[in-house]
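Working notes, structure below.
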């Protein structure tokens, strides 16, 4: 029998993380983040990372262990290939050895328990949670990434990007795939780089050869009314600013992380970088973060709506019913 994997997906601010945590508690599960930004260390507020507790290098959120967060420092390039390799390694393990004890920040008793007690309690229901549609599709459909990374081609594309900018690389892609803007976040240099590599290698529109997966997936999408979602996004951005997003970006810049790094070009970081570099006012930066996040959420839903295997729900109870049937 194939190992059963639960996937909780949806647009940013849809509430998918909360539902995933509830399911992990009820079904003795652990989480794997499918978020291309939360893999970076020291980038917490702008990525809306959960409040994690770290014990012996293992991360926990409300007592549930979570993988594929805080994987690399901000100057490192982290690709789809990297995420797939690390995620498959976790999934291929028979159980999650990190434990699932009910830890929380207000209780020191459980945090101070023996690490062995944490490790001894095994869990066996992986739950993928996130909104990076390309990551999820690549895993579920077992994408063939066409030979992985071509270092020579990447160097050539990096040269074009450095000398002429991302728009020139996009022109190269559009000559092969005119619909590329509906497939990737064209403001994300990493996405543009990877798309260029694939299109220029295959001479075909961005696509992958799909194969049969060794896993059995249940895809659950968290659905929100667009007006409600946009209101939540706007409120979340205000909370990020109040919670110290500007200070977080300042600290990263002071530590030597350039605003040109792929990790620093994500929504929230690039706008605050522009503000700190005197290119915009703080009011303009905040409005741009809200606008770009809303646009990103729209692209996420466009991507997910194409997949008819996704079961759309609005509450954790609806998700629980689906998971019970799936695991029975």
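The values are calculated or read from the model by the stated rules, or taken from the named source; none is laboratory data. Computed from a prediction, not measured in an experiment: that's the story for all the values here. All Cβ positions, glycine included, derive from the backbone under ideal geometry; neighbour counts span all protein chains shown.
Would you please name the residue that is modelled with the lowest pLDDT, looking only at residues in the range 148-174 that are within 30 Å of residue 309 (Cβ to Cβ) and within 23 Å of the chain's Cα centre (by Cα)?
Only one residue tops the list, namely 148.
From the list 279, 290, pick out the single residue that is under 30 Å from residue 180 (Cα atoms), exposed (fewer than 15 other Cβ atoms within 10 Å of the Cβ), without any contact (Cβ under 8 Å) to a residue 60 or more places away in the chain and not assigned by TED's automatic domain parsing to the domain that holds residue 9.
The match here is 279.
Test residue 320 against the criterion of being assigned to a loop (DSSP other than H, G, I, E, B) and either in contact with a helix residue (DSSP H, G or I) (Cβ under 9 Å, 6 or more places away or on another chain) or farther than 20 Å from residue 193 by Cα (or both), and give yes or no. Outline the logic, then answer.
Working: assigned to a loop (DSSP other than H, G, I, E, B): no; either in contact with a helix residue (DSSP H, G or I) (Cβ under 9 Å, 6 or more places away or on another chain) or farther than 20 Å from residue 193 by Cα (or both): yes.
The answer is no for residue 320.
Residues of the range 303-314 being surrounded by 13 or more Cβ atoms within 10 Å (Cβ to Cβ) and either without any contact (Cβ under 8 Å) to a residue 24 or more places away in the chain or in contact with a helix residue (DSSP H, G or I) (Cβ under 8 Å, 6 or more places away or on another chain) (or both), which ones?
303, 304, 307, 310, 311, 313, listed by residue number.
Which residues, taken from the range 2-32, are touching a strand residue (DSSP E or B) at 6+ places or on another chain (Cβ under 9 Å), part of a loop (DSSP other than H, G, I, E, B) and on the phi > 0 side of the Ramachandran plot?
The answer is 15, 28.
Mind checking which residues of the range 72-84 are part of a loop (DSSP other than H, G, I, E, B) and either modelled with pLDDT under 95 or buried (at least 19 other Cβ atoms within 10 Å of the Cβ) (or both)? Can you show your working first?
Taking the range 72-84 as the starting set, the residues that turn out to be part of a loop (DSSP other than H, G, I, E, B) are 73-79.
Within the range 72-84, 74, 75, 76, 77, 78, 79 meet the criteria.
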